[in-house]
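These notes are about the structure you will find just below.
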């Protein structure tokens, strides 16, 4: 993995950093931020880690999760080097309206913008956490047990714990190195997949009751009424889009979640060469070939109709 020399130089030269990632952070975003934060602190840097949204409860096993702040705070007065991790636009990181001296983007999404002064975008990287693993090694920082745990979790989340097609030799070699450094695969997997609250399971049950399958596309939805009934939040729907993908005839699995009246967030997962990023891009969203999403303002029936129309085209080309 080739890291831009200018990026390495900036990380070595700069002393004050603001690390941030996308709103509604997932495990890859959280683990990447926490690992890089610790590495920079070991180099004697001043670091603030920011995300507008709180770390979801099921990721709070990750060492240092309390490091995240819900606002940038006083660090802005120190003209920090801003690093966007696992996203590539200020809107996705809730940073619109701010002006910064210099911005570095580290991301692996297939859909990208031209935002950032220094950009390191590896579309074929399985996870941003894998990129941060190589960056930390390039900076000469030792991989501590806590760094290893956060990076292993980050990579595990974006590879479906090494089940997805993005799991290559580089992923497995990095994972082995992280286990040697102290990451515990069994413990991490338990926290990721076997520590659900009953309320979250109840929400999944309600969503699966809405399951529709047509032309290789499965669709489930979650409404605000379902959240209220189960006492859950939007973060509890993470991975719901993956569940119907286990059905052998399903090529694209879709979760449609109500954001507010008339607005929906669409999360899509696919198998093999079926590229859902192209669907997301058509509706102003983005993501990867097998995992992407977008938002739409319309009634639920119209959202479903639009998804099915685009999905048929993408499936026919795969």
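Quick note: the coordinates plus some simple rules give every number you see, no bench work behind them. As the structure is a computational prediction, the values presented were derived from the model and not from experiment. Cβ coordinates were reconstructed from backbone atoms using ideal geometry, including for glycine residues, and neighbour counts include every protein chain displayed.
At a glance:
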read-out: Filter pass, residue 267 being touching a helix residue (DSSP H, G or I) at 6+ places or on another chain (Cβ under 7 Å), within 20 Å of residue 86 (Cα to Cα) and surrounded by 13 or more Cβ atoms within 10 Å (Cβ to Cβ); value: yes
read-out: Residue that is surrounded by the most Cβ atoms within 10 Å (Cβ to Cβ), among those in segment 80-107 that are in contact with a strand residue (DSSP E or B) (Cβ under 7 Å, 6 or more places away or on another chain) and part of a loop (DSSP other than H, G, I, E, B); value: 86
read-out: So residue 24, is it surrounded by 15 or more Cβ atoms within 10 Å (Cβ to Cβ) and assigned to a loop (DSSP other than H, G, I, E, B); value: yes
read-out: Criterion violated by residue 133 - all others in (1) touching a strand residue (DSSP E or B) at 6+ places or on another chain (Cβ under 7 Å); (2) not in a loop (DSSP other than H, G, I, E, B) satisfied; value: (1)
read-out: From the options 196, 120, residue that is in contact (Cβ under 8 Å) with a residue 60 or more places away in the chain and closer than 23 Å to residue 286 by Cβ; value: 120
read-out: Breaking point among (1) without any contact (Cβ under 8 Å) to a residue 40 or more places away in the chain; (2) surrounded by fewer than 17 Cβ atoms within 10 Å (Cβ to Cβ); (3) closer than 22 Å to residue 53 by Cα, for residue 203; value: (2)
read-out: Pairs where the first residue, in segment 283-307, is more than 30 Å from residue 122 (Cβ to Cβ) and the second is exposed (fewer than 15 other Cβ atoms within 10 Å of the Cβ), C-beta under 8 Å, 6+ apart; value: 297/262; 297/263; 298/262; 299/262; 304/212; 306/298
read-out: Residue 75 touching a residue at least 12 places away in the same chain (Cβ under 8 Å), assigned to a helix (DSSP H, G or I) and farther than 18 Å from residue 235 by Cβ; value: yes
read-out: Selection count, segment 53-72, where residues are crowded, with 17+ Cβ neighbours inside 10 Å, in contact with a strand residue (DSSP E or B) (Cβ under 9 Å, 6 or more places away or on another chain), at negative phi and part of a loop (DSSP other than H, G, I, E, B); value: 2
read-out: Within segment 144-165, tally of residues that are surrounded by fewer than 21 Cβ atoms within 10 Å (Cβ to Cβ) and either farther than 24 Å from residue 289 by Cα or in contact with a strand residue (DSSP E or B) (Cβ under 9 Å, 6 or more places away or on another chain) (or both); value: 4
read-out: Count - residues of segment 284-303 that are in a helix (DSSP H, G or I) and under 25 Å from residue 26 (Cα atoms); value: 1
read-out: Residues of segment 146-193 classified as free of Cβ contacts under 8 Å to residues at least 40 places away in the same chain, part of a loop (DSSP other than H, G, I, E, B) and out of contact with any helix residue (DSSP H, G or I) (no Cβ under 9 Å at 6 or more places or on another chain), total; value: 1
read-out: Hits in segment 226-264 - residues which are part of a strand (DSSP E or B), free of Cβ contacts under 8 Å to residues at least 60 places away in the same chain and crowded, with 17+ Cβ neighbours inside 10 Å; value: 253, 254, 255, 256, 257, 258, 264
